[in-house]
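Undergrad: First the structure, then my questions, so here it is.
Just so it is clear, none of the values below were taken in a lab; they were calculated from the coordinates. Everything numeric here is computed off the predicted structure, so don't read it as measured data. Here the Cβ is made from the backbone with ideal geometry for all residues, glycine too, and neighbour counts use every protein chain on show.
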Amino acid sequence: MNEIKIRIIPAIGLFFCISCFFFWLSENFYPENYIGYGFVGALLCAITFFYTVKGIQDTEDFTSSIPKKFLLRDYPLFDVLIVSFLFFVFCWIYLSSMYANIKENELKAFGKITTADVIDGYSLTGGNVPGTYKVTVEYFKDSEKITAYTNVSPTEFQNCYLGKTVTIVYSTKNSGLIAVIGDDSSTKTYVNVENKDITVTNLIKIIDLDDAQTLKYLNTISYPWIYNSYQKGWSNEDKKSFLIKNQKNTVSFLNSELNPSDFRDQLDQLKFKEISTKTENLSEAEKIKQKLFSAEGTYENDNYLIIVKNTLIGNNGQIGMVITILKK
C-alpha cells in the first residue's frame, strides 16, 4: 500500500489539480491565445496521466489482486505513450475549444450594447503569420468611465481610427470584457443580423414607416444605423450609406458601394422601366459600357418613380449613387 501511495496517489492528485485549475480558468480567465493555453493544459494533463498509468503498471502490490488479463503491466511502454498522446490530443482540442468560446458565450449571456471611443490601437504582422490587431476604447457604464481593450479582425481594425465612435458589446459581469461590433461576423454573433445590403424593395417599404419604425427596420437589415438629428437622416458609417426622408412619400438613399448592374437587375425584377437616360447620343457599345458602370436615369412602374444620380462622396473623389424613390 505504501508503494501505491508513493507512485499513484501524487500523480492522481496532481492530475485532478491541473484539470480543476484549467476548468477554473474557464470561469475566471479570458485568454486571447486560447490554442496556446489549451496546449499547455493538455500537455500537463497528459504528463500526469502518463505517470498515473505508469505508476499503476509498475505497482506490484496493486496489480497482484487484479486478474491477469486486465493487468496494465503486460502492455509495453509504447502503448502507454500512445494512449497518453491520444489523451493529450483530446485535451488540447477540448480545452482550446472551451477557451475560444468563453468570451463569446459570456458576452452573449451577459452582454450589453453601447458605444465607445477608440483611444489607441496597434497591429502586429509579419511573414506568413496572421496579424494580431488590438484596439483600446473608452465607454461609460452607469456614469463610470471604463477603459478596455480587445482583439479585432482586420476589417474591424481598418474601420477603427483614433477618436472614432464604435459600437461595442460589454459584459455586465466583467466590464473589461468587450468586443467591437464592426464586421459581418461580430454583427451576426452579438446582434443576430446578417448585414445585408439595402435593396430597392427595402427603400419602398421605408417610405410608409415613421422615424422610429425606420430605424428599427434598418437595424434588421444591417447594423448599426443611427439617426442624425442635424442632418435629419439615418447613417451607417460601416456600410457607407445615408438615408433621408425629407418629404412625404419620398425617400433618398446614398451609397458608395452599390453595384450599378445589380441595381438594374433589382429594377427589372420589380418591373421598372427606364423613361429617361443620359445615353441617347451614345453608340450601342458605349451604352452597354455605360450601363455596366452607371445606373443614372429615371425609372418608373405603376406605383413608384425612381431617380438615380451619381455624386462624389467626401473629399477623396469616391463616386456614389443617390437613389430617390417617390410614391405616386
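Undergrad: Using 0.36 nm times the number of residues separating K240 and F90, minus their current alpha carbon distance, what extension gain do you get?
TA: 49.5 nm
Undergrad: Now, a different point. Measuring from label point to label point, each 7 Å out along Cα→Cβ, what is the D197 to N105 span in nm?
TA: Label-label distance for D197 and N105, simple model: 3.8 nm.
Undergrad: Could you state the per residue volume, in Å³, of the convex hull enclosing the Cα atoms of region 90-218?
TA: 164 Å³
Undergrad: So, one more: So which of K112/K173; K141/K239; K112/K240; K240/K309 end up more than 19 Å apart, counting from Cα to Cα?
TA: Distance filter (> 19 Å) returns K141/K239; K112/K240.
Undergrad: Gain in length, K188 to F78, computed as 0.36 nm per residue apart minus the alpha-carbon separation, to one decimal in nm?
TA: Numbers: separation 110, 0.36 × 110 = 39.60 nm, distance 4.74 nm.
Here the answer is 34.9 nm.
Undergrad: Once both labels are modelled 7 Å past Cα along the beta-carbon direction, what's the K328-N151 spacing in nm?
TA: 5.6 nm
Undergrad: For D117 and A212, compute 0.36 nm times the residue count separating them, minus their Cα-Cα distance, and round to one decimal in nm.
TA: Details: separation 95, 0.36 × 95 = 34.20 nm, distance 2.53 nm.
Stretched fully, the D117-A212 segment lengthens by 31.7 nm.
Undergrad: On to the next question. I want to check the label-to-label distance for T132 and K173. Put each point 7 Å from Cα in the C-beta direction and report it in nm to one decimal.
TA: 2.5 nm
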